[in-house]
1. Most exposed first by the Cβ proxy, i.e. fewest other Cβ within 10 Å, how do 38, 88, 21 rank?
2. If each residue's Cβ is checked for other Cβ atoms within 10 Å, how do 50, 86 rank with the fewest at the top?
3. If you rank 51, 23 by fewest surrounding Cβ atoms within 10 Å, what's the result?
4. Points 7 angstrom from Cα along the Cβ direction at residue 47 and residue 12: gap in nanometres?
5. For residue 29, list the aspartates and glutamates whose Cα falls under 17 Å from its own Cα; do not include residues on the same chain fewer than 8 positions away.
6. Restricting attention to the chain, which chymotrypsin sites (Phe, Trp or Tyr not before Pro) occupy a DSSP loop and are surrounded by at most 14 other Cβ atoms within 10 Å?
7. Using a simple spin-label model with points 7 Å from Cα along the Cα→Cβ vector, what separation in nm is obtained for residue 86 and residue 28?
8. Hey, what did the chain get for relative contact order, percent, Cα under 8 Å, at least 6 apart?
Amino acid sequence: MIIGSGFSQKNRDLLEEIARKSEGSLSRKIPVKKVNKKFGYSRTEIKHMLEYLEGLGMVSLKTIGGPLLYGHVTITRKGLDKVEDLSKEN
């Protein structure tokens, strides 16, 4: 569980990386291992972050398995919209 009132920088970074790797496709399965290569989060940390993002409707967990528990994710329309909103903040 993520504790805090805002959308953390780690969640933002993770969502932006998933969006970048998806190239705007809602059906492209993104390997969690490749996403995490950039960040080096622990298995527990990335598991909680992905579950949090899924709970917000920004990603969908597609496969289970591998060293990071979840194998693949896809981004949702809501996730792409969030990334777009976040980029407008800068």
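Bear in mind these aren't lab numbers, they're just calculated from the coordinates by the rules spelled out. Small disclaimer: the values here were computed from a predicted structure and weren't measured. A quick note on method: Cβ atoms are made from the backbone with ideal geometry, for glycine too, and the neighbour counts reach across all protein chains shown.
1. Ordered from fewest to most neighbouring Cβ atoms within 10 Å, 38, 88, 21 come out as 88, 38, 21.
2. Final ranking by Cβ density, sparse to dense: 86, 50.
3. Working: 51 16, 23 9.
Ordered from fewest to most neighbouring Cβ atoms within 10 Å, 51, 23 come out as 23, 51.
4. 2.8
5. Reachable aspartates and glutamates: 16, 17, 51, 54.
6. In loop regions of the chain (DSSP not H, G, I, E or B), the sparsely surrounded chymotrypsin sites (Phe, Trp or Tyr not before Pro) are 39.
7. In this crude spin-label approximation the distance works out to 1.6 nm.
8. Answer for the chain is 33 percent.
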